[in-house]
Structures are given as structure tokens and as C-alpha cells.
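J.: This structure is in C-alpha cells; I'll ask about it shortly.
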Amino acid sequence: MLIGCHLSCNKGYLAMGREMTRLGANTCAFFTRNPRGGKARALDPADITAYERYAAAQGFGTLVAHGAYTVNLCAAREDIRAFGRDCVAEDLQRLALFSNCVYNIHPGSHVGQGTAAATALLANALRGLLAGSGPVLLLETMAGKGTELGGSFEQLRDILDAVDRPERMGVCLDTCHVWDAGYDLRGDLEGVLAEFDRVIGLHRLRALHLNDSMNPCGSRKDRHACIGQGALGIETFRQIVRHPLLRTLPMVLETPVEDNDGYAREIALLRSLA
Ligand code: FE
Ligand code: FE
Ligand code: ZN
């Protein structure tokens with residue numbers, strides 16, 4: 001089982017790896033830069049090499065880096081899209097230094113111009129960004145709040161199809177988000193996975209964000225809860241971590257725990273359920 005949580009890499013990647021060990025994690029997510037945007041940390045290739053050696057010794061799996069929230073590749077304004085392209089291009093370049101890392105971003109918000117126009121803008125940006133080689137980019141399933149793109153499997157499929165770089169793209173399924181978007185993970189996990197397979201294809205599912213939800217199915221709110229303390233409930237997570245199609249994927253917690261020790265308790269809980 002590959003399980004971990006969101007961790008800071010502000011003290012370097014080797015320090016992040018040591019924290020993973022302390023928490024019982026063998027994967028994690030990290031922000032390549034301040035989540036609200038801004039410049040990425042100065043790059044230290046020696047630190048990445050040190051992390052790689054440590055990760056190999058510890059048997060860590062695929063890392064799931066997270067792009068900044070401020071990136072909106074389908075914004076109506078060109079300057080906002082350009083800022084996003086610069087961030088993503090730099091992130092992809094940096095993450096290529098890791099031997100085993102995927103890169104997860106939010107599809108973005110169309111802010112009034114409509115889904116079709118936004119899909120075209122996003123696909124256009126991603127085609128350019130993924131022209132070379134580099135890490136696999138994952139689009140995250142979203143709750144569909146506001147004008148967020150990616151609140152349905154169809155929208156994600158339309159983006160993937162429009163970019164047409166299947167070897168460079170995949171999907172990261174966030175359990176809180178799909179539940180909030182109206183997919184009943186609690187009552188019908190098999191049905192949701194069948195729907196994902198029918199629309200997107202399960203071969204494109206590359207990572208999971210494990211979060212309970214503070215709100216009912218279809219609420220489109222996007223408020224994460226701790227595992228077992230929200231509307232999804234502990235039984236849903238037991239089914240997920242035991243599922244043959246899901247249990248091989250990297251699973252990352254983004255729950256509102258007080259500190260990393262809270263993550264360690266959730267990791268232990270999920271390992272015990274698996
Ligand atoms: Fe996210
Ligand atoms: Fe998420
Ligand atoms: Zn969320």
C-alpha cells in the first residue's frame with residue numbers, strides 16, 4: 001500500500017523523506033512552490049539526489065507533487081494563463097529531476113466564459129507544456145464549485161481527449177471532490193468506478209486524494225473532513241483501500257488534521273483497514 005499525506009518541502013526533499021518515515025508514509029504530496037503562487041524554492045540537485053538515495057533505501061513509491069492553486073490555465077485573461085504556463089513549465093522541468101514523481105494540477109476555473117471555451121484554452125496550454133518529455137501530469141477531479149472545470153468525469157475526458165497526449169496525462173481522483181460533485185462513493189463505489197471506466201477509462205487513474213467530506217453528496221462545496229469523520233464515513237475508506245483497482249495507486253491524505261502527527265494516525269488507521 002502506498003499511502004502518505006501533504007508535506008512541506010521547505011526544509012528540502014531529504015528532510016521531507018525523513019518526515020515520511022516518521023509518519024509511516026511511503027508516498028507524499030508536496031507543493032512545488034507556495035500554494036498561493038510565488039517563486040519556487042531555489043533548486044538543490046544534491047538534495048534531490050540525497051532524497052532519491054534515501055527513498056530507494058526506504059522503498060518509497062511514486063510522489064504526487066501538487067501545482068499551485070493560483071495556476072489557472074483556462075482563465076479568460078491571457079496574462080493569468082501566461083503566469084500559469086510559466087509556473088507549470090518550471091514545475092515540470094524541476095520534477096523531471098525525480099525518478100518517480102507525477103504532477104497533479106487543478107483544471108482551473110472558466111470564470112464565466114463557459115466550459116467549452118475553457119476546455120479549448122486549457123487543452124491548448126497543456127499541448128504546449130507537454131510537447132517534450134517529462135513527468136506525467138494528472139488532472140484532479142474537482143467538486144465543481146463556482147465555475148470550476150473538472151466537476152464531472154465527462155469534462156475531464158473532454159480535456160484529456162483535446163490534449164491528446166495519453167502517455168503524458170492521467171487523473172487524480174479526490175474522494176471528497178467526486179462525492180461533492182455528486183458521485184456516490186459511499187453508497188455505490190463499484191458504480192462510480194464503472195462510470196469512471198466508461199467515461200475516462202480506469203487505466204488513466206494514477207493517484208488518489210483520500211479526504212472525507214463535511215458535506216452531502218452533490219453539495220459542490222469542497223470542504224475536506226478527517227477520515228471517518230465526515231459524510232463518506234470509515235466504511236467507504238475501508239472499501240477504497242481494499243479495492244483491487246485502487247489499492248495499488250498512491251493515496252495522499254489532505255485532511256484538516258492539526259499537525260503531521262494527525263496524518264500519522266490516519267495513515268496507521270488506513271493501513272489497519274487495508
Ligand atoms: Fe488539489
Ligand atoms: Fe485534492
Ligand atoms: Zn479540495
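The values are calculated or read from the model by the stated rules, or taken from the named source; none is laboratory data. What you see is a predicted model, and the numbers here were worked out from it, not measured in a lab. In this analysis, Cβ positions are derived from the backbone assuming ideal geometry, glycine residues included, and neighbour counts consider all displayed protein chains.
J.: With respect to R247, is the statement that it is modelled with pLDDT of 95 or more, away from ligand 3 (no atom under 16 Å from the Cβ), in contact with a helix residue (DSSP H, G or I) (Cβ under 8 Å, 6 or more places away or on another chain) and among the basic types (K, R) true?
T.: When the stated conditions are applied, R247 passes them.
J.: Keeping to the range 100-131, report how many residues are out of contact with any Asp or Glu (no Cβ under 9 Å at 6 or more places or on another chain), closer than 19 Å to D86 by Cβ and not hydrophobic (A, V, I, L, M, F, W, C).
T.: 2
J.: I want to confirm something. Restricting to the range 250-262 and keeping residues that are under 25 Å from C101 (Cα atoms) and either of a type in the set (K, R) or more than 16 Å from ligand 3 (Cβ to nearest atom) (or both), which single residue is surrounded by the fewest Cβ atoms within 10 Å (Cβ to Cβ)?
T.: For the range 250-262, the residue satisfying everything is D259.
J.: Of all residues in the range 103-121, which are within 16 Å of ligand 1 (Cβ to nearest atom) and crowded, with 22+ Cβ neighbours inside 10 Å?
T.: Listed by number, the residues that qualify are Y103, N104, I105, H106, P107, G108.
J.: Take the residues of the range 190-208 that are surrounded by fewer than 17 Cβ atoms within 10 Å (Cβ to Cβ) and of a type in the set (A, V, I, L, M): which is farthest from G170 (Cα to Cα)?
T.: In this case the residue turns out to be A194.
J.: Return yes or no: is E235 among the acidic types (D, E) and either within 16 Å of ligand 2 (Cβ to nearest atom) or out of contact with any Lys or Arg (no Cβ under 8 Å at 6 or more places or on another chain) (or both)?
T.: The answer is no for E235.
J.: Tell me, yes or no, whether the range 69-76 has at least one residue that is in contact (Cβ under 8 Å) with a residue 12 or more places away in the chain, within 16 Å of ligand 3 (Cβ to nearest atom), more than 27 Å from D184 (Cβ to Cβ) and buried (at least 22 other Cβ atoms within 10 Å of the Cβ).
T.: yes
J.: For V171, indicate whether it is more than 27 Å from F30 (Cβ to Cβ) and either of a type in the set (A, V, I, L, M, F, W, C) or within 16 Å of ligand 3 (Cβ to nearest atom) (or both).
T.: So V171 fails the test.
J.: To continue, here is another question. In the range 200-220, what residues are within 15 Å of ligand 1 (Cβ to nearest atom), in contact with a helix residue (DSSP H, G or I) (Cβ under 9 Å, 6 or more places away or on another chain) and of a type in the set (G, A, S)?
T.: The one that is within 15 Å of ligand 1 (Cβ to nearest atom), in contact with a helix residue (DSSP H, G or I) (Cβ under 9 Å, 6 or more places away or on another chain) and of a type in the set (G, A, S): S213.
J.: State the number of residues belonging to the range 217-236 that are within 16 Å of ligand 3 (Cβ to nearest atom) and either under 14 Å from T141 (Cβ atoms) or not basic (K, R) (or both).
T.: Looking only at that region, the number is 13.
J.: Among (1) out of contact with any Ser or Thr (no Cβ under 6 Å at 6 or more places or on another chain); (2) crowded, with 22+ Cβ neighbours inside 10 Å; (3) more than 16 Å from R81 (Cβ to Cβ), there is one condition L185 misses while meeting the rest; what is its number?
T.: (1)
J.: While we're here: Could you check the range 27-46 and list, in sequence order, the residues that are part of a helix (DSSP H, G or I) and either buried (at least 18 other Cβ atoms within 10 Å of the Cβ) or free of Cβ contacts under 8 Å to residues at least 24 places away in the same chain (or both)?
T.: A46
J.: Moving on to the next point. Which residues, counting only those in the range 174-216, are within 14 Å of ligand 3 (Cβ to nearest atom) and within 16 Å of E154 (Cβ to Cβ)?
T.: Once the filter is applied, which keeps residues that are within 14 Å of ligand 3 (Cβ to nearest atom) and within 16 Å of E154 (Cβ to Cβ), the range 174-216 yields H177, V178, A181.
J.: Moving to a separate point now. Quick one: in the range 135-154, which of the residues that are touching a strand residue (DSSP E or B) at 6+ places or on another chain (Cβ under 8 Å) and outside any loop (DSSP other than H, G, I, E, B) is nearest to ligand 2 (Cβ to nearest atom)?
T.: Per the stated criteria, the residue is E140.
J.: Right, next: Failed condition for V102, given (1) assigned to a loop (DSSP other than H, G, I, E, B); (2) closer than 27 Å to R220 by Cα; (3) of a type in the set (A, V, I, L, M), with all others met?
T.: That leaves (1) as the condition not met.
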